[in-house]
Amino acid sequence: MFNNLTERLSQSLRKIINKGRLTEENIKDTIREVRKALLEADVTLSVIKTFIKNVSKKSIGYEINKSLTPGQEFIKIVKNELILAMGEKHHNLNFSIQPPAIILIVGLQGVGKTTTLVKIAKWIKDKHKKKILTTSTDIYRAAAIKQLQILSNQVKIDFYSSNTNQKPINITKEAIEYAKLKLYDVLLIDTAGRLHIDEIMMNEINEIQKISKPIETLLVVDAMMGQDAINIAKKFNEYLSISGIVITKTDSDARSGVALSIRYITGKPIKFIGNGEKLSELEIFNPERIADRILGMNQVISLIKDIEEKVNQSQVEKLTKKFKKGDDFNLNDFLIQLKEMKNIGGLNYFIEKFSKNIMLSKNPLLGEDKNTLNKIEAIVYSMTYKERINPVIIKGSRKRRIALGSGTKIQDVNKLLKNFNDMQRIMKKIKKGGIGKMIRNIKNILPKNF
């Protein structure tokens, strides 16, 4: 569902990710491409207009985080606007009421209501360990009741039987009484759908809602319906005051406009998305996670977060000033850098990102073992000041002395020196920016084919 939009946005944002400064001129082309990508994804025009306006306003003159480049800040702005469009947080179901908590499932015929109901029932059972009952008020569609019964049995959830001779209102009342009597925590009620919104049918569902007083009235929409899904959601909300939306068939080739538009237009949160036919293929709709997926830059955004949260800015600034003066990168700097990278996730994480651009040694000394940094520190601290400043002088006898003094092997000293040489080459590659630029320059850290 999100693949086409992901590809288009990734191409657009790649052009600006390493810009040194955000201006109206250099973001103009990128914004134009973003607008085209949203149009192609079938996002509603009013949403696109607001989205582009907000991105433009927040980008120009934005105060840049010292750890990031302006281009990376632009990606953050785009991501935040995607989250705002889809809802700032994911909304959980509320079970803190007198049981049974009733969930009403509504929607047009053919959108996957019955299957979605069972997916939600299974999710509640697995996640919240609730005692669950399902029932169907769909007396109009052939085998609708039997379908729900079969699917409920597959996931080992109890089913309250009904038949086509009953009235939907009566089925609802009887199922609620049965759920109370048998002490069920949750009752999920399936309702009839129609190919078109029918006033008589809508009044019927409205009556079911009034009688059942559900904690949730979830509207199921098909991702392949595009803009029609938004109009249907608005119509259902007029009759029922829906509490949330479930989007099905997100594993299809459908354009992603419905996910970006429906919450903005209706004001109702998307609570789940169905991403396959299996009864386990239901996902909580997390706007932040979906925004990462749409941008196709999960690694970039994850790294940006780690940098912001874990990097010691004072050390970054000290090293940056040093390199700007033209001073060489030495083993003392290397040790400081290792500590910072260890905070983020380990030096290997960064070395692997560089490996497609620079041939680097693969050394177990720089593994993720918790004692690795202690070993490196011991080796560096066993060196003289002169050796740390100018490691090229460390030859055979010096290596033996350092290994003995640090409680390591000569091979370990060799590995450290080899990795130091690798890091010197990296520092030369990114010129005089030092650790500050290396940490900020995510474009160069990531593989070229990202």
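Only the coordinates and a few stated rules stand behind these numbers; no lab work does. Predicted model only: the values in this text are computed from it and were never measured. Positions of Cβ are generated from backbone atoms using ideal geometry, with glycine treated the same way; all protein chains shown enter the neighbour counts.
Quick notes
- Label sites at GLU281 and LYS182, each approximated as a point 7 angstrom past Cα along Cα to Cβ, lie 3.0 nm apart.
- Added length on full extension, which subtracts the Cα-Cα distance from 0.36 nm per residue, GLU88 to GLU40: 14.9 nm
- For the pair GLN166 and PHE95, label points projected 7 Å from Cα toward Cβ lie 2.4 nm apart.
- Theoretical FRET efficiency, 1/(1+(r/R0)^6), r = Cβ-Cβ of ARG141 and ASN374, R0 51 Å, to 0.05: 0.15
- Computed from backbone phi with θ = phi - 60° and the Karplus coefficients 6.51, -1.76 and 1.60, the 3J(HN,Hα) list for region 165-182 is 7, 8, 8, x, 5, 5, 4, 4, 4, 5, 5, 5, 4, 5, 4, 5, 4, 9 Hz; x is used for glycine and proline.
- Model label points for GLU25 and ARG401, set 7 angstrom from Cα along the Cα-to-Cβ axis, are 5.8 nm apart.
- As a proxy for reagent exposure, ranking ILE294, ILE393 by other Cβ atoms within 10 Å from fewest up yields ILE393, ILE294.
- Label zone at ASN54, where the point sits 7 Å out along the Cα-to-Cβ direction: region 72-92 residues whose backbone N lies under 15 Å: 75-90
- Given LYS79/LYS271; LYS89/LYS173; LYS119/LYS268, the pairs whose alpha carbons are separated by over 23 Å: LYS89/LYS173
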